[in-house]
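Chemist: Quick one: structure below, then a few questions.
Rule-based calculations on the coordinates, nothing more; no lab input. A quick note: this is a predicted structure, and the numbers were derived from the prediction, not measured. With ideal geometry, Cβ positions are generated from the backbone for all residues, glycine too; neighbour counts draw on all protein chains shown.
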Amino acid sequence: MKIHTLLSEDMIILEILSQDRDSALEEMVRYLKNKEKVRKDRELFEKLIQREKLGSTAIGEGIAIPHCKLKEAESPLLVLAVSKKGVRFEALDGKPTHIFFLVVSSPDDPGQSLQILASIAHLVRKAGSLSKRIMAAKNPRKVLEIIREEEEKLEG
């Protein structure tokens, strides 16, 4: 599954202002609500927080993959958000988180959700300069281009 095909320019937030986990999640959820991608923003926020309580989705190296399932999500929603300052997201390595891949998927298709999460994790692990390149991008189109390039490199 290709991340660049799931992501669109209007789902890339180049700068979130929040500096703690809950505020950052709330900011991303509000963005989805403002884009009319979700109606049940409160429910989505609560589900993301519940998931974080099970264990942080910050995988280290400045990257987090917050995710949950929401009935109203007929097709998967993917938001990429960047924090230049960094967010305290309870990462295992103790470092601030700068890149967020927020995934909201349908509970009716758990396989698809796992595929998306696995694809993001694979991309992040294998593409060493991904974070730096995304943080340096000046616009959403460039972010998409970087992800596409990195995915193509991984294909060989």
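Chemist: For A118 and D22, FRET efficiency with R0 = 30 Å and r from the beta-carbon atoms, rounded to 0.05? If you can, show how the numbers build up before the last one.
Modeler: Details: r = 26 Å, r/R0 = 0.88.
Plugging the Cβ-Cβ distance into 1/(1 + (r/R0)^6) gives 0.70.
Chemist: Please state the relative contact order of the range 3-155 as a whole percent: Cα pairs under 8 Å, 6+ residues apart?
Modeler: So the answer I get is 27 percent.
Chemist: Which net charge results when you count Lys and Arg as +1 and Asp and Glu as -1 among the other residues whose beta-carbon is under 14 Å from that of D109?
Modeler: On the way: positive: K69, K71; negative: E72, E74, D108.
For residues surrounding D109, the net value is -1.
Chemist: Oh, and also: Could you list K2, K142 in order of exposure, starting from the residue whose Cβ has the fewest other Cβ atoms within 10 Å? Numbers along the way, then the final one.
Modeler: Numbers: K2 13, K142 16.
The most exposed by this proxy come first: K2, K142.
Chemist: Distance from a point 7 Å along Cα→Cβ of R148 to each backbone N in the range 1-45: keep the residues under 12 Å and list them by number.
Modeler: Within reach of a label on R148: 4-9.
Chemist: Give the total of Lys-Lys pairs in the range 48-96 with Cα-Cα distances below 22 Å; include a pair only if its members are 8 or more places apart or on different chains.
Modeler: Lysine pairs satisfying the spacing and distance rule in the range 48-96 number 5.
Chemist: If you don't mind, another one. Fewest Cβ neighbours within 10 Å first, please rank H122, H67 accordingly.
Modeler: So the residues, fewest neighbours to most, are H122, H67.
Chemist: While we're here: Can you work out the PRE-style zone for D10? Point 7 Å along Cα to Cβ, and I want the residues of the range 41-81 with backbone N under 15 Å.
Modeler: 77-80
Chemist: Say each of D41 and D109 gets a label point 7 Å from the Cα, pointing the same way as Cα to Cβ; how far apart are those two points in nm?
Modeler: For D41 paired with D109, the spin-label model returns 2.6 nm.
Chemist: To continue, here is another question. Over its Cα atoms, what ratio of radius of gyration to 2.2 N^0.38 Å does the range 3-155 give?
Modeler: Taking the Cα Rg and dividing by 2.2 N^0.38 Å, one obtains 0.95.
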